[in-house]
Every structure is written in structure tokens, then in C-alpha cells.
Amino acid sequence: MAIENEEIFSKIVRAGRRTYFFDVRETKAGDYYLTITESKKFTNEDGSFYYKKHKIYLYKEDFPEFESSLSEMIKYIIKEKGEEVISERHQKDFNSNES
């Protein structure tokens, strides 16, 4: 039997200051579940870095609804706003009052 929370399969997605970790883990009972972790890098005033992490635990019984809802949300966003990323809004010096 595997150790609780042992990673079985992992994938990392780097996206600017954010990194997403998708990890398949095993329960004490031997079943699998998915953890999705967002890690975001921040800079202290002294130039050193720190990370904030947020984690979601997703179990097999929730997969169909989660997958359906995620797909619906992605399609809605693309339909309403297109695939172009409005990246300048994410810059520290972005000013929404500029023309």
C-alpha cells in the first residue's frame, strides 16, 4: 500500500508569476484523487521572494460535474471575450484611466 498523499502522476503548468501543479495522489484506502495547487510568486520590499499557495482537492465522484462546469466556463469566456489575452492589465504600472 502506498503512503498517504504520495504523488502518483504530476504535471506542472507555468503561467507568468503563477505555477499550477496537478498531482494525482493516493488515499489510505488505495483510491486516487487529484490536487490542483496554484502557487503565485510575490516580491518583498527587500527583493526577496515568497509564494502563496492555494489548493483544491478533487475526488472521482466530483469529476463529471467539475469537468462539465469547467468546460462550460471556458467556452463562455472565449465566446464573450475571445482568446486574446489582455495582458497589460496584469502589469504593476497599468492605469485603467489612461486612453
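Calculate, for residue 86 and residue 29, the FRET efficiency according to 1/(1 + (r/R0)^6) with r their C-beta to C-beta distance and R0 41 Å; round to the nearest 0.05.
With a Förster radius of 41 Å, E is 0.35.
Pop the C-beta distance of residue 69 and residue 10 into the FRET formula with R0 = 30 Å and round what comes out to the nearest 0.05.
Here the calculated transfer efficiency is 0.80.
Karplus couplings for the range 23-40 from phi (6.51 cos²θ - 1.76 cosθ + 1.60, θ = phi - 60°), rounded to Hz, Gly and Pro as x?
10, 8, 10, 10, 7, 4, 7, x, 8, 9, 8, 10, 10, 10, 10, 9, 10, 10
So if R0 is 25 Å, what FRET efficiency would residue 53 and residue 76 give, r being the distance between their Cβ atoms, rounded to the nearest 0.05?
Efficiency, rounded to the nearest 0.05: 0.35.
Only the coordinates and a few stated rules stand behind these numbers; no lab work does. The structure displayed is predicted, hence computed values, not measured ones. Neighbour counts run over all protein chains shown; Cβ positions are idealised from the backbone, glycine included.
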